[in-house]
Amino acid sequence: GTWGKRKIGIKVVNRNGGRIGFGRALFRTAIKFIAWEPAHFVIFRFRFPTDYSPLFLDLLLGFVYFVVFLYIFSPLMNKRRRSVYDWISGTFVIHR
C-alpha cells in the first residue's frame, strides 16, 4: 500500500481479503485516471487554438464531469462504500 493508506490505516484487498497483485493495482489506478487525461486534453484545447469543434470539447468535458461525479458519489450509494474503480477492478478498501 501507499504511504498515505498506511498512515490512515486502510488497505486495498481482493475479493478474498488478500493482497492485490501489481496488475490489478495498475488496472485500478488506470481506471482512476480515466477522467484525468481527457480533462487535460480539453483544458489545453480551450487555451490554445485547435481544429476540434467546440461541441466535441464540450461533450468531452461533460464526460469528465460525469466520471468525477461517479467517483465522488458512488461510495455513498452502496453499503460497502465501494467506488466505481473498486467495483470494476474487483477490489475493496478495508480498515486495518
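Each value in this text was obtained by applying a stated rule to the coordinates, not by laboratory testing. Every value quoted in this text rests on a predicted model; they were computed, and no experiment measured them. Note that each Cβ is placed from the backbone with ideal geometry, even for glycine, and that neighbours are counted across all protein chains shown.
Data overview
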{"read-out": "Residues of region 1-45 satisfying the condition of being under 19 Å from F66 (Cα atoms) and touching a Leu at 6+ places or on another chain (Cβ under 8 Å)", "value": "P38, A39, F41, V42"}
{"read-out": "Single condition R82 does not satisfy, out of (1) touching a residue at least 12 places away in the same chain (Cβ under 8 Å); (2) surrounded by 12 or more Cβ atoms within 10 Å (Cβ to Cβ); (3) of a type in the set (D, E, K, R)", "value": "(1)"}
{"read-out": "Pair list, Cβ under 6 Å, 6 or more apart: region 6-21 residue closer than 10 Å to H95 by Cα, other residue loosely packed, with under 10 Cβ neighbours inside 10 Å and of a type outside the set (K, R)", "value": "G9/H95; I10/H95"}
{"read-out": "Check on V68, over 24 Å from R19 (Cβ atoms) and either hydrophobic (A, V, I, L, M, F, W, C) or touching a residue at least 40 places away in the same chain (Cβ under 8 Å) (or both)", "value": "yes"}
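Each row is one residue, and each column tells you yes or no for (1) part of a helix (DSSP H, G or I); (2) surrounded by 12 or more Cβ atoms within 10 Å (Cβ to Cβ); (3) touching a residue at least 40 places away in the same chain (Cβ under 8 Å).
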{"position": "G23", "(1), (2), (3)": "yes, no, no"}
{"position": "I34", "(1), (2), (3)": "no, yes, no"}
{"position": "H40", "(1), (2), (3)": "yes, no, no"}
{"position": "D51", "(1), (2), (3)": "no, no, no"}
{"position": "F56", "(1), (2), (3)": "yes, yes, no"}
{"position": "P75", "(1), (2), (3)": "yes, yes, no"}
{"position": "I88", "(1), (2), (3)": "yes, yes, yes"}
